[in-house]
Amino acid sequence: MRNVGFILLVHASLERSAQVARHWAASGCPIVIHVDRHVPTADHDRFVAELSGLEAVRFAPRHACEWGTWSIVQATLAASRLMLTEFPDVGHVYLASGACLPLRPVQELQAYLDRHSKTDFIESVTTQDVAWTIGGLSTERFTYRFPFAWRRQRRLFDAYVHLQRRLGMKRRMPEGLQPHLGSQWWCLTQKTLTAILDDPNRPEHDRFFSKVWIPDESYFQTLTRRHSTQIESRSLTLSKFDFQGKPHVFYNDHLQLLRRSDCFVARKIWPRADALYDSFLSNDPAVTKNAEPNPGKIDKLFAKATERRTNGRAGLRMQSRFPRDGWENGKTCAPYSVFQGFAELFDDFEGWIERQAGGRVHGHLFAPDRVHFAGGETTYNGALSDAAELRDYDPEGFLTNLIWNTRGERQCFQFGPGDNQRICWFLASDRNARIAVISGAWAVPLFKSGRDFAAIRPEAAQLQAIEAQYLTQLRSPQVKAQVHIWSLADFVDAPMEPLQMIMDEIGPRGARRLSEAPRMVDLTGFGRFLQKLRNEGMNPYLMGDFPADADIAPRQNAGRRRPYAVG
Amino acid sequence: MTGVLHRAWVAYRMRWKRRRLLFRAFRKRGELEQLHDRSGAIEPGAILCFSTVRNERVRLPFFLDHHRKLGVGHFLFVANNCDDGTTEYLADQPDVSLWQTKTSYKASRFGLDWLTWLQIRHGHGHWCLTLDADEIFIYPHWNTRPLRALTDHLDQTGKAGLGALMMDMYPKGPLADAVYTAGADPFEALAWFDAGPFFKQRQQPLDNLWVQGGVRRRVFFQDDPRRAPTLNKIPLMKWDRRFVYVNSTHSALPPRLNRLYDGPAATELSGVLLHTKFLDIVVERSREEKERGEHFANGALFTDYYDDLAANPTLWNSHSARYEGWQQLEAMGLMSRGDWT
């Protein structure tokens, strides 16, 4: 079994960093530590002295690191070089920070990497597919120059970005590189890391990336694409960011959560979280259960927090902050339901909901080919035609008329990212609309299609971008519709409650219990399908987190296909 | 254009108001008589707690205990006209610095002038809690994460303070019937609160929030809800010697500090001050306070309020909620963990 070496980037809470370094070193792993030059000399010397007894610890030449700048990559490169020359036998090199905490015994990590000895674990996503960039700079990170520090020289930074935008300035990527982004924390094979460091074009790469913004999230992520033979596009380090892009911090009360994540390393840890350091810095195999890392368990918690944060909470009897625009003429006359993602997830969802709730259930009214009226009719109540052109001439008018003509009978229809999106804002701003969305469900038909993956990949990216935009509209504070959004992962986990809720909304006449559950399509292998998209550089995020099960992990999540408790 | 000019004019006025208040605190520094100054023991980065008290011997043991456990490193008290052993009790505490004064509470902007002076001298650069002895500060995760975790988070997210909603806690029966002994958990008896309604608005020129509601509005100010007590506070602040509280800890200057809190329904991280005003002793105290008239700018208007309280009322009704913990308060929308998950 080949060993794993750790590169540790340290800039604060040195005692904790030393503690973690000692743990890894004691477990037989070589370590190269980079201490930020900003750390005062006295602290640095004490830190070095504390680790001086350890044989496999080296200290890399120090750089003054500033967030978002090339200096962090410089430090990483210097440390990598030292690692490769001093410990040429390592199989993988794991990049970690001083605020990282190993959650599982080193032996388990070694065994895991041994099973995937040729795999590079690095989140690496093309710029078109990233979901997390803050402030709208994704592609522009590469096409503009960023000589100013965002934290210290914000005005210059903004002004220079603005200027480049105005002048239409653009930089050219070095030959043969496709810009990719991803988490800073990777675990690369020795072979790939060597290839990146010894790349004959390295001077050109370095020159280019030294002016890219936040190059620590793109340098290795881009170059690995050039040199790796096998990329698993995810980080082995659990790290969460809030909606502002600041890393979430873990505290003592996260102990159980971290334990359940089965991840190998987590960051950032609050330096005073004694209980976390005490319980996880251990190589006792009883600590964990040797399972496939599953950050998804934690994702759900954090996704909820982010949602609460960005959407606000309703239901309090408060005087409004701002006077709302109080009038909305020109909307529909009666409540109606819009379903997104349900027909994709369930067989014959339309028939089921008609049996359960009554009313009239249409297909995709806004499909590009024609209007899919219920029962495949070509003209509908009040002589509405199924011609797409007529509908698209005035989609709002089309819908208002449909609801008016059928008043007294509840109307339901399917909607999705494949449909004409012009109606979206009208729906969102209509008090009568009841919108239910299973985000990311559009991926299910793609998964089922068995089509050529090269064709699926761009289509998935496009559908995701469209749906993401729709969801942003649905979350805007001006929304009047009643909106429910579930991620596919959440929905599949516990489908009955939301379905019951939808029923209750359609027919509020007393408690109507579901007599029959809709049949869900078989999702075996879906997690692997998503991981495959990730490995191709896309970032399917709207469906929430499905563990990449199947081939890479022998374990199948038992909760995935639970039988339905009916009634 | 007039908008810009007006804003500049308001900013200018507020700056001078702030300076005036700071100078006022400086002038009044002589009113403070130092009893025990242990402030030399304040460690760099320690979290401080400032408070003006008058006859709070009964509430202080739990108050100190609770906030010590949260991680307050040092308490700075001004004892005003105490005659119930408060001064002696505080003098015995190893982590308390104590000043006393016999001058008027009201003339000192309800104690703020004294505290402002202490904050200028000792608070600069520290995270500071400014509380009354009947306020118990809680925040999301407070029972698992020390105050220091909270202030680290606020530092990291670039926030200068934390807002909180005052929640009046009361017992189920008549107030005086719930007998309280010093040091015990007051919320065993004061287990109930009004979960709503709350009303909020912004006030100019300070741009401060004004939240009213809760039990006192329901019981005492039904006929004149405008006079109901203000419930929003900003008790926790990374102090700067140029800051000053204006009206209790409800509002502060510079005005940007008032924007730190947007009320209980906001999605920003916020806390709650559990208000132990309605312990059994309040009935007796109200008779006294009415005589003193030191608590409101226009004391005469609140005579009824004191009379009502002195009559040992029952605040509880069938809509009262029983306090179960911060998660419950969060679920009710009275505080929020914001991005601090």
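With the condition kept exactly as written, say whether any residue in region A:435-449 is open to solvent by 60 Å² or more (accessible area, probe 1.4 Å) and not in a helix (DSSP H, G or I). No, every residue in region A:435-449 fails to be open to solvent by 60 Å² or more (accessible area, probe 1.4 Å) and not in a helix (DSSP H, G or I).
A:Tyr277 meets each of the listed conditions (1) at pLDDT below 60; (2) over 18 Å from the mean Cα position of the chain (by Cα); (3) part of a helix (DSSP H, G or I) apart from (1). Just one of the numbered conditions (1) touching a Leu at 6+ places or on another chain (Cβ under 9 Å); (2) buried (at least 19 other Cβ atoms within 10 Å of the Cβ) is not true of B:Ala266: (1).
May I ask you to verify whether B:Arg287 is within 14 Å of chain A (Cβ to nearest Cβ) and surrounded by fewer than 22 Cβ atoms within 10 Å (Cβ to Cβ)? In short, no.
In region A:265-277 there is no residue that is touching a residue at least 12 places away in the same chain (Cβ under 8 Å), open to solvent by less than 30 Å² (accessible area, probe 1.4 Å), within 11 Å of chain B (Cβ to nearest Cβ) and over 20 Å from A:Ala12 (Cβ atoms). Restricting attention to region B:269-278, the residues that are more than 11 Å from B:Ala164 (Cα to Cα) and either basic (Lys, Arg) or within 14 Å of chain A (Cβ to nearest Cβ) (or both) total 1. Restricting attention to region A:237-254, the residues that are touching a helix residue (DSSP H, G or I) at 6+ places or on another chain (Cβ under 8 Å) and either open to solvent by less than 30 Å² (accessible area, probe 1.4 Å) or more than 10 Å from chain B (Cβ to nearest Cβ) (or both) total 7. The numbered conditions (1) within 14 Å of another protein chain (Cβ to nearest Cβ); (2) surrounded by fewer than 17 Cβ atoms within 10 Å (Cβ to Cβ) are all true for B:Pro205 except (1). Evaluation of A:Val93 against the conditions (1) β-branched (Val, Ile, Thr); (2) farther than 29 Å from A:Asn283 by Cα; (3) in contact with a helix residue (DSSP H, G or I) (Cβ under 6 Å, 6 or more places away or on another chain) shows that the sole unmet condition is (2). Going residue by residue through region A:386-400, is there one that turns out to be free of Cβ contacts under 8 Å to residues at least 40 places away in the same chain, touching a Lys or Arg at 6+ places or on another chain (Cβ under 9 Å) and open to solvent by 40 Å² or more (accessible area, probe 1.4 Å)? Scanning region A:386-400 turns up at least one residue that is free of Cβ contacts under 8 Å to residues at least 40 places away in the same chain, touching a Lys or Arg at 6+ places or on another chain (Cβ under 9 Å) and open to solvent by 40 Å² or more (accessible area, probe 1.4 Å). Of A:Glu66, A:Glu55, all but one fail to be more than 26 Å from A:Pro215 (Cα to Cα), out of contact with any strand residue (DSSP E or B) (no Cβ under 6 Å at 6 or more places or on another chain) and of a type in the set (D, E, K, R); the exception is A:Glu55. If the condition is being crowded, with 24+ Cβ neighbours inside 10 Å, in contact with a His (Cβ under 6 Å, 6 or more places away or on another chain) and part of a helix (DSSP H, G or I), then region A:175-234 contributes A:Thr192, A:Gln221, A:Thr222. B:Leu309 satisfies every condition listed in (1) at pLDDT below 90; (2) over 30 Å from B:Ala8 (Cβ atoms); (3) open to solvent by 30 Å² or more (accessible area, probe 1.4 Å) except (3).
Take the residues in region B:136-153 that are surrounded by 21 or more Cβ atoms within 10 Å (Cβ to Cβ) and in a strand (DSSP E or B), then tell me which one is nearest to the other protein chains (Cβ to nearest Cβ). Among residues in region B:136-153 that are surrounded by 21 or more Cβ atoms within 10 Å (Cβ to Cβ) and in a strand (DSSP E or B), the one nearest to the other protein chains (Cβ to nearest Cβ) is B:Phe137.
Conditions tested, residue by residue: (1) among the aliphatic types (A, V, I, L, M); (2) open to solvent by less than 10 Å² (accessible area, probe 1.4 Å); (3) part of a loop (DSSP other than H, G, I, E, B); (4) at pLDDT 95 or above.
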| residue | (1), (2), (3), (4) |
| --- | --- |
| A:Arg81 | no, no, no, yes |
| A:Asp89 | no, no, yes, no |
| A:Tyr94 | no, yes, no, yes |
| A:Ala99 | yes, no, yes, no |
| A:Ala111 | yes, no, no, no |
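If I ask for residues that are aliphatic (A, V, I, L, M) and buried (at least 17 other Cβ atoms within 10 Å of the Cβ), which ones from region A:6-23 would you list? A:Ile7, A:Leu8, A:Leu9, A:Val10, A:Leu14, A:Ala18, A:Val20, A:Ala21 - these are the residues of region A:6-23 that are aliphatic (A, V, I, L, M) and buried (at least 17 other Cβ atoms within 10 Å of the Cβ).
The values are calculated or read from the model by the stated rules, or taken from the named source; none is laboratory data. Please read all numbers here as calculations on a predicted model, not as lab measurements. Note that we place each Cβ from the backbone using ideal geometry, even for glycine, and neighbour counts take in every protein chain shown. Note: areas computed on protein heavy atoms with side chains; ligands, DNA, RNA excluded. Shrake-Rupley method; radii C 1.70, N 1.55, O 1.52, S 1.80 Å.
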